[in-house]
Amino acid sequence: MKEIKFSIIMPTYNDAETIVNAIESVVKQEYDRWELVIVNDGSTDDTLNIVNNYLKTVDFKNIVLLSKENGDQLNAIKLGAGHITGDVVYILHSDDEFSNDQVLKRVNDVLCENSIDAVIPRFLPIINENGERKRVIKVNSYKNNFFSGNCLSCK
């Protein structure tokens, strides 16, 4: 099976407290065909310094840090999109993180094995038989009705 290259765009604004965890959730992925484009959207806290210091401690040539004046999240994503080279784009906000080190591998497998164009997971709250609140993940997949064509890397 051919492997997809993931382009992960991480827009950030004033997320100094969470951004390192978000970056590390990417760096720790067992699947290694990814690039991370972090776009600082004019943060006024210590986000930019924290990211710069973090990047000095890791040896990843596939992480790019961009900065722009504060605008909005969409413009930060658009700026990041101009710097990607992957087959699939994933937006990971700087206050979110991947749930485990297998996320990109699983998405690669699902996209290629099923020849689908998009995977959109979401967590749904449920209450079990003991009245405890839990979260389950529901995954919607789309083929030829959401995007045109098939996964180019999987042909």
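The values are calculated or read from the model by the stated rules, or taken from the named source; none is laboratory data. Please read these numbers as outputs of a predicted model, since none were measured by experiment. So basically every Cβ, Gly included, is an ideal-geometry build from the backbone, and we count neighbours across all protein chains shown. Side chains included, ligands, DNA and RNA excluded: accessible areas come from the protein's heavy atoms. Shrake-Rupley method; radii C 1.70, N 1.55, O 1.52, S 1.80 Å.
Okay, residues lined up against (1) under 15 Å from H93 (Cα atoms); (2) at pLDDT 95 or above; (3) out of contact with any Phe, Trp or Tyr (no Cβ under 7 Å at 6 or more places or on another chain):
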{"site": "K2", "(1), (2), (3)": "no, no, yes"}
{"site": "I8", "(1), (2), (3)": "yes, yes, no"}
{"site": "P11", "(1), (2), (3)": "yes, yes, yes"}
{"site": "D15", "(1), (2), (3)": "yes, yes, yes"}
{"site": "E30", "(1), (2), (3)": "no, yes, yes"}
{"site": "R33", "(1), (2), (3)": "no, yes, no"}
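Among the residues in region 105-124, are any within 18 Å of T18 (Cβ to Cβ) and at pLDDT 85 or above? Within region 105-124, not a single residue is within 18 Å of T18 (Cβ to Cβ) and at pLDDT 85 or above. At least 3 residues being farther than 20 Å from Q102 by Cα and open to solvent by 40 Å² or more (accessible area, probe 1.4 Å) is the threshold, and among the strands (runs of 3 or more DSSP E) wholly inside region 1-84 those reaching it are 63-68. All of D95, D87 fail the test of being over 14 Å from L36 (Cα atoms) and either touching a residue at least 60 places away in the same chain (Cβ under 8 Å) or open to solvent by less than 60 Å² (accessible area, probe 1.4 Å) (or both), apart from D95.
Which of the residues spanning region 97-113 are under 24 Å from K61 (Cβ atoms) and part of a loop (DSSP other than H, G, I, E, B)? E97, F98, D101, Q102, listed by residue number.
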